[in-house]
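What follows is one structure encoded as structure tokens, with my remarks underneath.
The values are calculated or read from the model by the stated rules, or taken from the named source; none is laboratory data. These numbers were taken from a predicted model, which means no experiment stands behind them. Positions of Cβ are backbone-derived with ideal geometry, glycine not excepted, and every protein chain shown enters the neighbour counts. Side chains are part of the model used for accessible areas, which takes the heavy atoms of the whole protein and leaves out ligands, DNA and RNA. Shrake-Rupley method; radii C 1.70, N 1.55, O 1.52, S 1.80 Å.
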Amino acid sequence: MTNAQVTALQYGLIGFFALWATLLFPQLIILHARHGRVRLRPVLTMAAVLLYATMTLAVTFLPLPGPGAGRLSQTVQLHPFQWVADIHTELLKHGLPAADWFTTQTFQQATMNVLLFVPLGFFARTLWKRGLIGTTLIGFTASLLIETTQLTANFGTAPYVYRIFDVDDLLDNTGGAMLGWIAGALLLSLVRKPVPSTVEMQPLPRERIDLTQAR
């Protein structure tokens with residue numbers, strides 16, 4: 001992890017605490033008014049979603065370019081699975097054997113892009129009850145929004161484009177959301193308990209036969 005990424009995570013954590021502190025008190029009031037008591041699960045759920053959102057925004061948009069930062073030579077990458085060729089290039093550049101492909105910065109970046117959207121898929125399944133197709137669309141749309149924001153220099157608020165619009169990021173993020181959905185579905189299948197039947201089985205009445213009665 002680079003120093004820039006560590007700095008971004010620190011800002012994301014600060015943003016989380018600031019946002020959670022702002023929303024926590026109103027949430028407690030609403031929960032108490034609605035249920036007559038404060039339920040811990042909704043509080044923790046909101047904290048988890050806010051933490052994920054602030055951290056994701058931080059690592060995708062921060063740090064902002066400084067006055068002396070150099071501009072990118074490439075701002076758009078539209079070749080799917082370009083990261084495979086980039087791994088090979090990085091191995092040759094550093095004189096590493098092919099077996100060390102998983103240690104390259106390119107592979108680690110691709111892995112982080114996948115893991116970044118796993119919580120989104122998990123939330124979509126466990127909290128928002130979305131199916132796999134719906135979760136895939138959510139992951140793709142969220143990733144496309146991030147990439148578009150980066151391509152437009154944060155919709156013109158940044159001095160210039162400082163992040164690459166990468167089609168591989170779209171694929172990795174969407175795949176991460178799908179993996180998160182699978183993880184959420186597996187968790188729900190493990191914790192779901194069978195509902196006991198409320199129907200009681202009544203014994204069938206026995207028919208008494210009078211042998212003296214003529215048939």
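Here are some notes:
- Leu137/Thr103 FRET efficiency (R0 45 Å; Cβ-Cβ; nearest 0.05): 0.85
- Candidate membrane-span-like segments in the chain, meaning DSSP H helices with Cα atoms spread over at least 20 Å of their own axis and a Kyte-Doolittle mean of -0.5 or above, are 3-35, 40-61, 132-151, 167-191, with no membrane implied.
- Solvent-accessible area per residue for the range 28-178 (1.4 angstrom probe, square angstrom): 59 Å²
- Each of Pro67, Trp83, Leu145 was scored by the projection of its Cα onto the charge dipole of the chain, and the greatest displacement toward the positive side belongs to Leu145; charges sit on the C-beta of Lys, Arg, Asp and Glu.
- In this simple spin-label approximation, Thr89 and Thr45 carry label points 7 Å from Cα along the Cα→Cβ vector, and these lie 4.5 nm apart.
- Here Arg37 sits with roughly 140 square angstrom of accessible surface, probe radius 1.4 Å.
- Other-chain or far-sequence residues with amide H under 5 Å of Asp166's (modelled H): Gln77
- What the Cα atoms of the range 9-73 give is an Rg and a Dmax of 16.9, 59 Å.
- Low-density loop positions, chymotrypsin sites (Phe, Trp or Tyr not before Pro), the range 102-155 - DSSP coil, at most 13 other Cβ in 10 Å: Trp128
- Relative contact order of the chain, defined on C-alpha pairs under 8 angstrom at six or more residues apart (%): 22 percent
- Net length available on complete extension from Val38 to Leu145 is 35.0 nm, with 0.36 nm assigned per residue and the Cα-Cα distance removed.
- A dipole drawn for the chain from +1 and -1 charges on Cβ atoms has a positive end, and of Leu187, Gln5, Phe117 the residue lying farthest that way is Leu187.
- Placing unit charges on the Cβ atoms only, positive for Lys and Arg and negative for Asp and Glu, gives the chain a dipole magnitude near 1160 debye about its Cα centre.
- Accessible carbon and sulfur surface of the chain relative to its total accessible area, %, 1.4 Å: 68 percent
- Taking every Cα-Cα distance in the range 27-181 and sorting them into 10 Å bins from zero, the calculated P(r) comes out as 10, 29, 31, 19, 7, 3, 0 percent.
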